[in-house]
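Novice: Here's a structure for you.
The values are calculated or read from the model by the stated rules, or taken from the named source; none is laboratory data. On a predicted model such as this, the values are computed, not experimentally measured, just so you know. Note that each Cβ is placed from the backbone with ideal geometry, even for glycine, and that neighbours are counted across all protein chains shown. Surface areas here come from the heavy atoms of the whole protein model, side chains and all, with no ligands, DNA or RNA. Shrake-Rupley method; radii C 1.70, N 1.55, O 1.52, S 1.80 Å.
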Amino acid sequence: MTVASDPPTHSQKRPRRLFKNWMAKLASLPMILTALVVFVGGTAWTVTYSFTGSRMLPKTNWVGFDQYERLWSTDRWIISIKNLAIYGGCSMILTLLIGFTLAACLDRKIRFESAFRSIFLYPFALSFVVTGLAWQWILNPDFGLQSVVRDWGWTSFNFDPLNNPDIVIFGLLIAGIWQGSGLIMCIMLAGLRGIDEDIWKATKVDGISTIKTYVVVIIPMMRPVFITALVLIASGIIKLYDLVVAQTGGGPGLSSEVPAKYVIEYMFRAQNLGQGFAASTMMLCSVVIILIPWAYLEFGGRKRG
Amino acid sequence: MADMTTNTAADPRGPKPKRTFSRANIFLYGTLIVVSMYYLLPLYVMIVTSLKGMPEIRMGNVFGPPVEVTFEPWVKAWSEACTGINCDGLSRGFGNSVRILIPSIVLSIAIASINGYALSNWKFKGSETFFTILIIGAFIPYQTMLYPIVIMLREIGLMGSIWGLVLVHTVFGMPILTLLFRNYFAAIPEELFKAARVDGAGFWQIYFQIMVPMALPIFVVAIILQVTGIWNDFLFGVIYTKPATYPMTVQLNNIVNSVQGVKEYNVNMAATLLTGLVPLVIYFASGKLFVRGIAAGAVKG
């Protein structure tokens, strides 16, 4: 693209090309270094060293796929993956559902729209650590939600995600959705605002009910918005770390471990670098698997359109 | 209101005026209010808990307002709460976070705005390629790059220091900020740039005298984005700093999740609120600009 925009007079003088725009190149040096050294170099380094038996320090004793074999036979990793799958699946569906419903409600020309929007979005300004700690307190089995509901008279009420390994993921989910759904609502609202008023008028004339209009007409029209939202949610899910550390610390036992936490524990606590590198490479692979279809849809579609 | 009644009186066959309390509206507002309670509950619980004394917390319920308001938990969280052997409260973490935040914002925004400017006005061979790599890099899980950065920081002697973390924030803030500035500068009419070129202005002159003054709104958006992003960071803080330089979020987590001692829930909640205060103030003060910032972030996605 850039080559085409170069004026031909300059491209004839070959030796001077490197120094053409030299100030712009110099000023872009931080960007070039970040892109090449940190992003490309760092990733390649980690992937390469995931094939070594590095423990406390990175070493180049190649062990092939040993680290990966060990990774996939470690219970903790399997639990982490399962947790991430459950959390990810629920979080995607619920966040999209809540985000879209709220956006649709706000789009019905209601009063106090900006007040409601502020309320739904403020958790997004807070960190996962703050989110996790706040919900840790609300879900506290001795003083929190459970005991309050029992005091109200429903004595058999049981909801103690922070003590119960079977439902701890849902405790995280409540907090995660609280923090992140406002963003999706915002994106959906922007998408809804982008839809032509005439569409609504047309469906009114045809006598289609509001809910049916949303399902049959509006949602299909908002496909790109949904895809953007999905990619955002997905990239957030894979990074899930701070929330778990703050809210449950991975417990009770190992029941709320997640892959990102596994990587960091093995790299910086257990001093088993090779395992950490292998696990982070697996995380990279999952991102690639998500991103390639998206990039294909997004950019492949744009060329055709 | 008066207008509407006269209208209907004049034309009785017109459409029925919408009532405020139609069934659909009750349903709509009902949903919104119930959902609002879910969103507001944690903030409310944090505030009331932080204002109660410990005996009251042990007896009463979390949702009840404080019988006796006390600000002692706030004082304790700020200046006495313990992390390990240090008992100087969150004030240290706050100081560290501020000392991390300010240089990070200045450096990351300076670099990103120059990048964006170079990318939209001074394209050179390969500039788009580097930009594409940068954007793809934003999707790579940080975990993949954590350790190589540890090595790099060790090599330049910044591991564990505040400046090391500043560099990390600058690097990881670069993709989104560069995109933000590039899109903004690309929308500025090219004639302006060309006219300045004809008048003999160079790279920096155009940047400082034309582009920066025109881009002030996007600078504000970038600052909002970075303040909340860097303040809320936990992962980089916990890895690239040492206990003496821990940012506020890391220290908060250590205070609340420490295993020793009696749990003081009121102090914990006061500490949590203190940590959340900076982004909350930014959020409520900036209003629409915050939304614009995250919308710009969403475009990235």
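Novice: Is it the case, given these coordinates, that A:LEU173 is part of a helix (DSSP H, G or I) and either surrounded by fewer than 16 Cβ atoms within 10 Å (Cβ to Cβ) or touching a residue at least 40 places away in the same chain (Cβ under 8 Å) (or both)?
Specialist: Taking the combined requirement at face value, the residue satisfies it.
Novice: If you don't mind, there's one more thing I want to ask. Which one is nearest to the other protein chains (Cβ to nearest Cβ), of the residues in region A:118-127 that are touching a residue at least 40 places away in the same chain (Cβ under 8 Å) and open to solvent by less than 40 Å² (accessible area, probe 1.4 Å)?
Specialist: Taking the candidates together, the pick is A:SER127.
Novice: Mind checking which residues of region B:267-298 are more than 9 Å from chain A (Cβ to nearest Cβ), surrounded by 24 or more Cβ atoms within 10 Å (Cβ to Cβ) and farther than 30 Å from A:GLY191 by Cα?
Specialist: Answer for region B:267-298, where residues must be more than 9 Å from chain A (Cβ to nearest Cβ), surrounded by 24 or more Cβ atoms within 10 Å (Cβ to Cβ) and farther than 30 Å from A:GLY191 by Cα: B:VAL267, B:ALA270.
Novice: OK, next. Do you know which residues across region B:42-60 are open to solvent by 50 Å² or more (accessible area, probe 1.4 Å) and either within 11 Å of chain A (Cβ to nearest Cβ) or under 12 Å from A:ILE138 (Cβ atoms) (or both)?
Specialist: Scanning region B:42-60 gives B:TYR44, B:ILE47, B:ARG58, B:MET59.
Novice: Take region A:161-209 and flag every residue that is among the β-branched types (Val, Ile, Thr) and out of contact with any helix residue (DSSP H, G or I) (no Cβ under 8 Å at 6 or more places or on another chain).
Specialist: Residues satisfying the conditions are A:ILE167, A:VAL168, A:VAL205.
Novice: Next up: Is one or more of the residues making up region A:72-80 open to solvent by 40 Å² or more (accessible area, probe 1.4 Å), small (Gly, Ala, Ser), within 10 Å of chain B (Cβ to nearest Cβ) and over 23 Å from the mean Cα position of the chain (by Cα)?
Specialist: no
Novice: Turning to a different aspect of this structure: Hey, does region B:158-166 have a residue that's free of Cβ contacts under 8 Å to residues at least 60 places away in the same chain, more than 12 Å from chain A (Cβ to nearest Cβ), surrounded by fewer than 13 Cβ atoms within 10 Å (Cβ to Cβ) and in a loop (DSSP other than H, G, I, E, B)?
Specialist: No: zero hits.
Residues checked against (1) open to solvent by 10 Å² or more (accessible area, probe 1.4 Å); (2) in contact with a Lys or Arg (Cβ under 9 Å, 6 or more places away or on another chain); (3) more than 7 Å from chain B (Cβ to nearest Cβ); (4) assigned to a helix (DSSP H, G or I):
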{"position": "A:GLU69", "(1), (2), (3), (4)": "yes, no, yes, yes"}
{"position": "A:ILE86", "(1), (2), (3), (4)": "yes, no, yes, yes"}
{"position": "A:CYS90", "(1), (2), (3), (4)": "yes, no, yes, yes"}
{"position": "A:ILE93", "(1), (2), (3), (4)": "yes, no, yes, yes"}
{"position": "A:GLY99", "(1), (2), (3), (4)": "no, no, yes, yes"}
{"position": "A:PHE116", "(1), (2), (3), (4)": "yes, no, no, yes"}
{"position": "A:VAL129", "(1), (2), (3), (4)": "no, no, no, yes"}
{"position": "A:ALA134", "(1), (2), (3), (4)": "no, no, no, yes"}
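Novice: Return the only residue of B:THR249, B:THR245, B:THR228 being touching a Pro at 6+ places or on another chain (Cβ under 8 Å) and of a type outside the set (Phe, Trp, Tyr).
Specialist: From the options B:THR249, B:THR245, B:THR228, the qualifying one is B:THR228.
Novice: Could you tell me whether B:LEU192 is more than 30 Å from B:ASN86 (Cβ to Cβ) and surrounded by 15 or more Cβ atoms within 10 Å (Cβ to Cβ)?
Specialist: no
Novice: Looking at A:MET56, is it exposed (fewer than 15 other Cβ atoms within 10 Å of the Cβ), among the hydrophobic types (A, V, I, L, M, F, W, C) and touching a residue at least 24 places away in the same chain (Cβ under 8 Å)?
Specialist: Yes, satisfied.
Novice: Quick check on A:VAL37: is it part of a helix (DSSP H, G or I), facing another protein chain (nearest Cβ under 9 Å) and closer than 18 Å to B:LEU153 by Cβ?
Specialist: yes
Novice: Would you tally the residues in region B:195-227 being open to solvent by less than 70 Å² (accessible area, probe 1.4 Å), over 19 Å from A:MET31 (Cα atoms) and more than 30 Å from the chain's Cα centre (by Cα)?
Specialist: Of the residues in that region, 6 qualify.
Novice: With the structure loaded, tell me whether A:ARG150 is touching a residue at least 60 places away in the same chain (Cβ under 8 Å), open to solvent by 10 Å² or more (accessible area, probe 1.4 Å) and of a type outside the set (Val, Ile, Thr) or whether it fails that test.
Specialist: No.
Novice: Sticking with this one: Just to be sure, is A:ILE227 under 18 Å from A:GLY89 (Cα atoms), without any contact (Cβ under 8 Å) to a residue 40 or more places away in the chain and surrounded by 14 or more Cβ atoms within 10 Å (Cβ to Cβ)?
Specialist: No.
Novice: Filter region B:122-156 down to residues that are touching a residue at least 24 places away in the same chain (Cβ under 8 Å) and open to solvent by 30 Å² or more (accessible area, probe 1.4 Å) and give me whichever is nearest to the other protein chains (Cβ to nearest Cβ).
Specialist: B:TYR142
Novice: Do we find a residue being at pLDDT 85 or above, under 20 Å from B:ASN253 (Cα atoms) and either open to solvent by less than 60 Å² (accessible area, probe 1.4 Å) or among the charged types (D, E, K, R) (or both) anywhere in region B:19-41?
Specialist: For region B:19-41, residues at pLDDT 85 or above, under 20 Å from B:ASN253 (Cα atoms) and either open to solvent by less than 60 Å² (accessible area, probe 1.4 Å) or among the charged types (D, E, K, R) (or both): absent.
Novice: State all residues of region A:136-153 that are within 7 Å of another protein chain (Cβ to nearest Cβ) and closer than 17 Å to A:ILE174 by Cα; if no residue qualifies, say none.
Specialist: A:TRP137, A:ILE138, A:GLY144
Novice: Continuing with the same structure: Do any helices (runs of 4 or more DSSP H) lying entirely in region A:240-305 carry at least 1 residues that are crowded, with 21+ Cβ neighbours inside 10 Å and aliphatic (A, V, I, L, M), and which ones are they?
Specialist: Passing ranges, in order: A:242-247, A:259-264, A:273-295.
Novice: If you don't mind, another one. Mind listing just one residue for me: the one in region A:101-114 that is facing another protein chain (nearest Cβ under 7 Å) and part of a loop (DSSP other than H, G, I, E, B) and, of those, least open to solvent (accessible area, probe 1.4 Å)?
Specialist: Once the filter is applied, the top-ranked residue is A:ILE110.
Novice: Separate question: Hey, does region B:287-294 have a residue that's hydrophobic (A, V, I, L, M, F, W, C) and without any contact (Cβ under 8 Å) to a residue 40 or more places away in the chain?
Specialist: Yes, there is a match, as at least one residue in region B:287-294 is hydrophobic (A, V, I, L, M, F, W, C) and without any contact (Cβ under 8 Å) to a residue 40 or more places away in the chain.
Novice: Next question, about the same structure. Is it true that some residue in region B:88-98 is buried (at least 21 other Cβ atoms within 10 Å of the Cβ) and either under 23 Å from B:GLN209 (Cβ atoms) or among the β-branched types (Val, Ile, Thr) (or both)?
Specialist: The answer is no, given that none of the residues of region B:88-98 is buried (at least 21 other Cβ atoms within 10 Å of the Cβ) and either under 23 Å from B:GLN209 (Cβ atoms) or among the β-branched types (Val, Ile, Thr) (or both).
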